[in-house]
Amino acid sequence: MSQQLEQMKIVIVGHVDHGKSTFVGRLFYDTGSLPTGKYEQLVKIAERRGVPFEWANLMDSLQSERDQNITIDTAQIWFSTPKRQYVIIDAPGHKEFLKNMITGAANADAALLLIDAHEGVQEQSRRHGYMLHLLGIKQVIVLVNKMDLVGYKQEVFDTIETQYRAFLKQLGVEPKLFIPIAAKHGDNIVENSKNTPWFKNTPVVASIDALFNIPLPPTNLPLRFPIQDVYRFDHRRILAGRVESGTLKVGDKLMFGPRNKTAVVKTIERWSAAQNDTAKAGESIGVTLSEQIFVERGHVGSLETDSPIVATEFQANLFWMGKQSLEMGKKYKLKLTTQEVECEVASIEKIIDASTLGEVAKDRGFVAKNDVAEITLRTKYPVAFDNHNRIPETGRFVIVDNKEVCGGGLILHGVYADATKQKSSNVVWHKTKVGADERAARNGHKGAVIWLTGLSGAGKSTIATELENELFHHGINTYVLDGDNVRHGLCGDLGFSPKDRSENIRRVGEVAHILSDAGLVVITTFISPYREDRESVRKIVEGDFVEVYVKCPIAECEKRDPKGLYKKAKAGEIKEFTGLSAPYEEPVKPELTLETNQQSVAESVTQIIDYLKDLIYVEKHTENITYRI
C-alpha cells in the first residue's frame with residue numbers, strides 16, 4: 001500500500017482576467033492530476049465547436065462537476081506532487097465576490113497570488129494582499145502571469161516585484177518568492193522555461209513543495225469545542241460539535257462559555273467510527289456529561305484552566321463588503337463559530353483604504369464598501385471568543401446584514417481572565433478615545449513589557465535600573481516594576497508559596513499590561529520561577545512582550561548574595577527559596593538570554609536595546625543611540 005501523502009490547502013487569488021483558471025488548468029495537466037481522458041474530451045469539444053481550446057475550460061469543467069456549475073462560488077479541487085496532495089481553494093477575484101474569498105481563504109495554509117505582467121499591480125491586487133494579511137496567511141508566493149505578452153522581459157517582472165514587495169512589506173507580509181510564468185504555455189510551472197533564462201529560482205510546483213510548510217496541528221492549542229446541536233438518545237443528552245483546537249478526553253472537566261457552567265466528560269460518542277476516549281482537533285464528535293447542565297448550540301467547551309474570553313465587547317479588524325455601508329448603532333447579526341447574536345458597532349477606531357493603506361477619516365461614522373476598519377463591536381449577549389493570533393478558529397467572525405454575509409474580520413487585543421473566578425459577564429475592557437497608534441505617534445515609540453526573569457542575585461534589578469536610565473535619556477517613557485517594590489503594597493498580602501507566587505506574577509502582569517497599553521516600556525524584575533506563570537503574563541499583555549532570561553549559575557548567585565538571602569535560606573530562616581528549596585523553571589524560548597557571569601551590565605543593556613530598536617520605535621532613528629554606561 002502506498003504511503004498516504006500529507007495534505008495542504010492553498011488559496012489562489014488574483015484580479016479578474018489575470019489568468020487564475022488558465023493557471024489551475026495547466027497546473028493540473030502538467031502534474032498529471034486530471035481525471036483520465038478529461039483533457040482529450042475538452043479538446044474534442046473545442047474542435048467540434050470550431051473554437052480554440054482554453055486551459056481555463058479544465059477549471060470550469062471541474063467546477064461544474066463538483067459545484068453544479070456555480071462558478072462564482074469558492075471551489076475546492078485537488079492536485080498532487082510526489083511530496084504532498086494540495087487542495088486548491090479558488091477565490092474569485094471580482095470585488096463582488098470577495099465574500100467568497102473570506103470563506104475560501106480562511107482555512108488556507110498558504111496562498112498563490114497572481115498578477116498580470118501586462119497590466120501590472122492593480123488596485124484589486126493590493127486589496128487581495130491586504131485580505132491575506134487580514135486573514136493571517138503568511139506563506140505567500142506571487143506569480144507574475146502572462147509574461148509572454150510582455151516578451152518575457154526581466155525588467156517588467158523586476159518592476160512588478162519591487163512595487164508589490166514594497167506594498168506587502170508595509171503589511172508585515174514577506175512573500176516567499178516571485179515567479180514569472182506564462183500559464184497558457186506552461187512556462188515555469190513544472191519546469192524552468194527557456195523563455196526566462198534570467199530566472200534562476202525553481203518553478204511553481206518545486207517552489208510550493210520546498211517553501212510552503214504544513215502548519216502545526218491545532219492539537220497543541222487550548223481546547224475549544226463549539227456546540228453545534230444537542231441530541232437526545234435513550235435518555236441521554238449528547239452534545240455534538242467539532243473540536244476546533246486542542247484535545248478532549250473522557251474525565252476532563254469542561255467549562256461551557258459564555259455561561260461558564262462546568263461538568264465532567266462521561267463519554268465521547270462517534271458515528272460509524274471506532275470509539276475512543278480521546279478526541280483531537282478536527283474531529284466531529286458528541287459527548288455526554290456526568291451531570292445534566294444547561295448547554296445549547298453556540299456554547300463553547302474548554303478546559304476550566306484555559307478558557308476563552310467571555311465579553312459583550314471586543315476589538316477587531318474588519319473588511320466590509322456590504323452593498324450598504326456599515327453604520328454605527330445599526331443592528332447586525334454576528335456569527336462566531338456556532339454562536340449567532342445581535343451586534344452593533346460601538347466605535348470606529350480607524351478606517352484604512354486597503355488598496356493604498358491610507359487612513360480614511362473615521363469621524364464620518366460609517367465604514368464604506370471595500371474599506372478595512374479597526375472597530376469595537378458590542379453584542380446583545382455575552383459571547384465566547386479568542387484573539388485570532390492565539391486561536392484562529394475562535395478568533396474570526398462574519399457579520400450578516402439582511403441575510404447576506406457583508407463583512408468578516410479577526411478579533412484582537414482581548415484580555416484573558418481566570419474564568420474559574422466567575423467574573424461577571426457585564427465587566428468588559430473599556431476602550432478610550434486615545435488608541436495605541438496615537439500614543440505611539442506622540443511618544444515616538446510603542447509600549448512594551450521587558451520581563452527580566454532569573455535567580456535571586458543574577459543581576460535583574462541592576463540591569464533594569466541601568467536599562468531604564470538609558471532608555472529614559474533617549475526619550476523613551478519607561479518604568480521599572482521591581483519585585484520588592486510591589487510586595488510593599490500591591491502584593492503585600494501575599495507570601496511565597498507556589499500559589500502566592502503565581503498570584504503575585506498575575507497581578508504584576510495585569511499592571512504591566514495597563515502601563516504598556518498607556519504607551520510605556522515596562523521593565524519588570526521578578527524571579528517568576530514558573531514557566532506557566534510567565535506564559536500567562538504573555539497572554540495578558542498580548543502586545544510586545546520580551547522575555548529576558550538573566551542567566552547566572554547558582555554558585556555565582558550565592559557568591560554575590562546582595563541581600564544575604566542565600567545565607568538566610570541555608571540557615572533555615574527562609575523556606576521555599578528559589579534555586580535551593582524551591583524550583584526555578586528556565587525559559588524554553590526566551591527572546592533574549594543574558595549570561596551575567598560572562599558579560600558586563602553595559603553589555604547586557606546594549607543587547608536589550610539592540611533588540612528593542614526594531615520593536616518599539618515608530619521612526620527608525622535608533623542609529624543615533626549611544627551607550628553611556
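The values are calculated or read from the model by the stated rules, or taken from the named source; none is laboratory data. In this text, all values refer to a predicted model and were calculated from it rather than measured experimentally. Heads up, the Cβs are rebuilt from the backbone with ideal geometry, glycines too, and the neighbour counts pull from every protein chain shown.
Selection of first residues in the stretch 391-402 that are assigned by TED's automatic domain parsing to the domain that holds K323 and farther than 18 Å from R224 by Cβ and of second residues that are of a type in the set (A, V, I, L, M, F, W, C) and modelled with pLDDT of 90 or more, restricted to Cβ pairs under 7 Å at least 6 apart or on distinct chains, gives the following pairs, ordered by first then second residue: I399/L334. For V601, indicate whether it is assigned by TED's automatic domain parsing to the domain that holds L455 and either closer than 21 Å to D484 by Cβ or at pLDDT 90 or above (or both). So V601 passes the test. Taking the numbered list (1) in contact (Cβ under 8 Å) with a residue 40 or more places away in the chain; (2) of a type in the set (A, V, I, L, M); (3) not in a helix (DSSP H, G or I) in turn, V434 passes all entries but (1).
Kindly evaluate V511 against the criterion of being closer than 25 Å to L471 by Cβ and surrounded by fewer than 20 Cβ atoms within 10 Å (Cβ to Cβ). So V511 passes the test.
Scanning the stretch 547-556 for any residue that is buried (at least 21 other Cβ atoms within 10 Å of the Cβ), within 24 Å of the chain's Cα centre (by Cα) and closer than 23 Å to Q598 by Cβ turns up at least one such residue.
Among the residues of the stretch 331-353, none qualifies, meaning not one is small (G, A, S), touching an Asp or Glu at 6+ places or on another chain (Cβ under 8 Å) and not in a strand (DSSP E or B).
Against the numbered list (1) surrounded by fewer than 18 Cβ atoms within 10 Å (Cβ to Cβ); (2) over 26 Å from L216 (Cα atoms), A263 comes up short only at (1). Is it true that some residue in the stretch 358-372 is modelled with pLDDT of 90 or more, polar (S, T, N, Q) and farther than 30 Å from S502 by Cα? Checked against the condition, which is being modelled with pLDDT of 90 or more, polar (S, T, N, Q) and farther than 30 Å from S502 by Cα, the stretch 358-372 yields no hits at all. Take the conditions (1) farther than 30 Å from F294 by Cβ; (2) touching a residue at least 24 places away in the same chain (Cβ under 8 Å); R236 misses just one of them, which is (1).
Taking the condition assigned by TED's automatic domain parsing to the domain that holds F79, free of Cβ contacts under 8 Å to residues at least 24 places away in the same chain and either crowded, with 20+ Cβ neighbours inside 10 Å or closer than 29 Å to I391 by Cβ (or both), does K169 pass? Considered against the rule, which asks whether it is assigned by TED's automatic domain parsing to the domain that holds F79, free of Cβ contacts under 8 Å to residues at least 24 places away in the same chain and either crowded, with 20+ Cβ neighbours inside 10 Å or closer than 29 Å to I391 by Cβ (or both), K169 comes out as yes. Quick check on the stretch 492-503. Is at least one of its residues assigned by TED's automatic domain parsing to the domain that holds L580, crowded, with 22+ Cβ neighbours inside 10 Å and hydrophobic (A, V, I, L, M, F, W, C)? Checked against the condition, which is being assigned by TED's automatic domain parsing to the domain that holds L580, crowded, with 22+ Cβ neighbours inside 10 Å and hydrophobic (A, V, I, L, M, F, W, C), the stretch 492-503 yields no hits at all. Name, by its number, the condition in (1) under 32 Å from the mean Cα position of the chain (by Cα); (2) surrounded by fewer than 20 Cβ atoms within 10 Å (Cβ to Cβ); (3) not assigned by TED's automatic domain parsing to the domain that holds W271 that does not hold for R242. Every condition holds for R242 apart from (3). For the stretch 448-455, state whether one or more residues are more than 18 Å from L592 (Cα to Cα) and either of a type outside the set (S, T, Y) or under 26 Å from the mean Cα position of the chain (by Cα) (or both). No, the stretch 448-455 has no match at all. Among all positions in the stretch 245-257, there is at least one residue which is under 25 Å from H388 (Cβ atoms) and of a type in the set (S, T, Y).
Within the stretch 518-530, residues that are under 10 Å from T453 (Cα atoms) sit with their Cβ atoms under 7 Å from residues that are among the acidic types (D, E) and part of a strand (DSSP E or B), at 6+ positions apart or across chains, in these pairs: T525/D482.
Applying the criterion of being at pLDDT 75 or above and either surrounded by fewer than 22 Cβ atoms within 10 Å (Cβ to Cβ) or β-branched (V, I, T) (or both) to the residues of the stretch 9-20, the residue that is farthest from L143 (Cα to Cα) is K9. In the stretch 290-302 there is no residue that is crowded, with 21+ Cβ neighbours inside 10 Å and either charged (D, E, K, R) or over 30 Å from E535 (Cβ atoms) (or both).
Scanning the stretch 462-472 for residues that are surrounded by fewer than 22 Cβ atoms within 10 Å (Cβ to Cβ) and more than 10 Å from V601 (Cβ to Cβ) gives E468, N469, E470, F472.
Is it true that P226 is within 30 Å of L177 (Cβ to Cβ) and either modelled with pLDDT of 90 or more or surrounded by fewer than 22 Cβ atoms within 10 Å (Cβ to Cβ) (or both)? Taking the combined requirement at face value, the residue does not satisfy it.
Each residue in the stretch 444-456 was checked for being crowded, with 24+ Cβ neighbours inside 10 Å and over 17 Å from L481 (Cα atoms), and 1 of them qualify. Highlighted here are the helices (runs of 4 or more DSSP H) found entirely within the stretch 497-578 that include at least 3 residues which are more than 22 Å from K589 (Cβ to Cβ) and among the charged types (D, E, K, R): 498-517, 554-560, 565-570. Being in contact with a Gly (Cβ under 9 Å, 6 or more places away or on another chain), touching a residue at least 24 places away in the same chain (Cβ under 8 Å) and in the same structural domain as G564 (by TED's automatic domain parsing): is that true of V511 here? When the stated conditions are applied, V511 does not pass them.
V173: more than 30 Å from the chain's Cα centre (by Cα), farther than 17 Å from R26 by Cα and among the hydrophobic types (A, V, I, L, M, F, W, C), yes or no? In short, no.
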